[in-house]
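For reference, the structure discussed in these notes is given below.
The values are calculated or read from the model by the stated rules, or taken from the named source; none is laboratory data. Bear in mind that the values here come from a model prediction, so they are computed numbers and not experimental data. Neighbour counts run over all protein chains shown; Cβ positions are idealised from the backbone, glycine included. Keep in mind that these areas ignore ligands, DNA and RNA; they rest on the heavy atoms of the full protein, side chains included. Shrake-Rupley method; radii C 1.70, N 1.55, O 1.52, S 1.80 Å.
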Amino acid sequence: MSDRKYPRIALAITLAVAVAAAAPVAAQPGQRENPLSFDRNIRGLLNKFCYRCHNADEPNGGVDLQSDINPRLIADKPLVWRTALDQVRDGEMPPGDAKQPTDEQRELIARFIETTVSEFDCDAARDPGPPSLRRLNRAEYDLSIRHLTGLDMQLSEDFPADTISFGFRNIAQSLTLSPLHVDRYYSAARRVVDELLTGQSEAEQQGDATARAKAYRQVFFVEPGDGRGDRDVAEQLLRRFATRAFRRDVDDEYLARSLSLYDSLRDRGESHLSAVGHLLTAVLASPRFLMRSEMPRPESESDADDTAYPVDDFDLASRLSFFLWSSPPDDELLELAREGRLSDDAVLDEQLRRMLDDPRSDALVEHFFVPWLQIDALDEHRPDRERFPEFNDRLYESIRQEPRRLLRYLIREDRPLTELVDADYALVDAVLSRWYELPGDQSVPEADDSFRRVVLSDRRRGGILTTAAVLMAQSDPGRTNVPRRGNFIAAAILGTAPPPPPPDVPELSDDEQQVATLTLRQRFEAHRSDPQCFSCHVKIDPLGFALENYDAIGRWRQTEVGQTIDASGELPDGRRFDGPVELKATLLADRDELTAVLTRQMLIYALGRGPLLGDDCVIEDAVEAARQADYRLTAVIRTIIHSFPFRHTRDPEY
């Protein structure tokens, strides 16, 4: 598998400096026999240039490398050492003001790290991560209410905002429960039940003509009469509703307690419908509904040596449905879990295809792909109307929809994930067809409001990067933003986001004369000549410059301030490109790397936690599976749902 990218940490800088100052490889004894010998060649380099800053007494950046005194210990820290590998291989380190290594020296260190870390034992790192107790996030709550009742009430708008962690809103450690949440949950539960009970009279008067009437029929699917007593009906209604809400078969003890409450309410004069309404309110306010918790280890396995154990079929159903649909498992998943069949690999594959074909998989687009690709930044972004008077709300909505349509198409049609970056088609409506100035045979008729798949005659469009949504979201209201566009590509596509700029970095000059006479590239060249700016800009600006033919609202242009746009770029590792077509080809030259970046992000989202050591093994499996399946997106998703961390949990650490 190709090298993977990891977040930058301080140790990489020091390690790279060590490589720069290393003595020539040829001068070291034993090099001819084994150039990667740790004892003969590598230890001296690391001891001389790394351990003096990364030791127990002075752990620069909080990292003590002195403890890694042999290759086995280095292999046990792949995240740390692969970060260093990426920095060295990409030519980003040593920094520009340090002595540079020869190509042979750089390659020797890189090969040693790569060889050593690749020996990491995946079997020994089978840790699914700590068990998590998390509340439903706002989207999951609204979709759960829709699943249970059919009502689309958007009640979560009154809830506190969900915290973003690792780029997503479904990370367990951030989904804590506050007293304010409890209060809002109870109020929301009462509002749901009030809507249901109101639906009774509407159902009697108008049939299923209203949403509330349909919701009432869905929940109150059986009524007293024809030999069915009130209490028996209450039990049937509660059993079904609670099972779907709790995402597993409700236990007899809960039913008994609830029916005891029902009896008390009836004795106090409450009607059957009102008493059942109280029971439904209790279900919707229950931690079993609001919190996602999983069953502990079965008592029969309590003495097992292995700390990890398989999740049961009901918890597997929940993991699967919240991953793909952001909502509870449907009746088919629950029935398979009840039968103990969902954990069968073939059955799980069948359900994966069914669930991806279902419109509910739009949630995967909205809650995974949209934040990962930063498309949601468009929600808070509007172009400067004075600078771009032709921009309007109709155009904005078409721009907003385009990437979502493309992502849905990739999922439903099981397309290669490489089409995220480049494709020979676009999904556009008539508004975007005009906006992109597509030729007549590629355009959508004016009278057609739908999105259509059109084959492109050139590759200036095609893929996510060249949609107006991404180009506009990564721009300023009045002009393009080269570093922001480049940083987006580095972070989302390459997985190599640079650190945030220091707080004292000056803004790009808005001098009126410069704005009127210099291209943005010329102004940025002057800006990044500052040494404190150059080290980051040299990595991201070439990527952003390649998109300069698109203005701040995603239109194609050839000139700026009367000058031909220079869209060429060169990365620190020597790769060159000119314009978006060559940029996309460069990004797709290593499809394994793109697959690894996607898998890493999707695994975080699917598991609702940050990355762990053993996740690399899943990423490696996903890359291999994608390679064998023409890089189909479903190969990655299938690998994740069959992976050890997705199918297992472990006991909490008290």
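Going by the alpha-carbon gyration tensor, a ≥ b ≥ c the square roots of its eigenvalues, is the range 246-400 rounded (a/c under 1.5) or, if a/c is not under 1.5, prolate (a/b greater than b/c) versus oblate?
Values: a/c = 2.76, a/b = 1.47, b/c = 1.88.
Judged from the Cα gyration tensor, the range 246-400 comes out oblate (a/c at least 1.5, b/c at or above a/b).
What is the sum of charges, Lys and Arg at +1 and Asp and Glu at -1, for the other residues whose Cβ falls under 14 Å from the Cβ of residue 164? After counting each charged neighbour, the total is -2. Modelled spin-label separation between residue 152 and residue 476, with each label point placed 7 Å from Cα along the Cα-to-Cβ direction: 3.9 nm. Here the contact order of the range 269-372, divided by its residue count and restricted to Cα pairs under 8 Å and six or more residues apart, works out to 21 percent.
Ordering 480, 176, 210 by accessible surface, largest first, gives 176, 210, 480; the 1.4 Å probe counts only protein heavy atoms, with every chain in place.
Probe radius 1.4 Å, ligands and nucleic acids left out: which of 122, 617 has the largest accessible area, and how do the rest follow?
Working: 122 50, 617 15 Å².
Greatest to least solvent exposure: 122, 617.
With the whole protein complex present, residue 149 retains an accessible surface near 0 Å², based on a 1.4 Å probe. Can you pull the percent of Cα pairs in the range 519-644 with separation above 18 Å? Distances greater than 18 Å cover 64 percent of the Cα pairs. Rounded to the nearest Å, what's the spacing between the alpha carbon centres of the range 100-169 and the range 304-374? Just the number, please. Measuring centre to centre over Cα atoms gives 16 Å.
Accessible surface area normalised per residue over the range 161-307 is 54 Å², counting heavy atoms of protein chains with a 1.4 Å rolling probe. Over all other residues within a Cβ to Cβ distance under 12 Å of residue 489, the charged ones net out to +3, with Lys and Arg as +1 and Asp and Glu as -1. Counted by Cβ distance under 10 Å from residue 567, the other residues give a net charge of -3, where Lys and Arg count +1 and Asp and Glu count -1. Taking all protein chains together, 325, 556, 435 sort by accessible area into 556, 435, 325, largest first [probe 1.4 Å].
Could you compute how much accessible surface residue 647 exposes when probed at 1.4 Å, giving the result in Å² to the nearest 10? Its accessible surface works out to 40 Å², give or take rounding.
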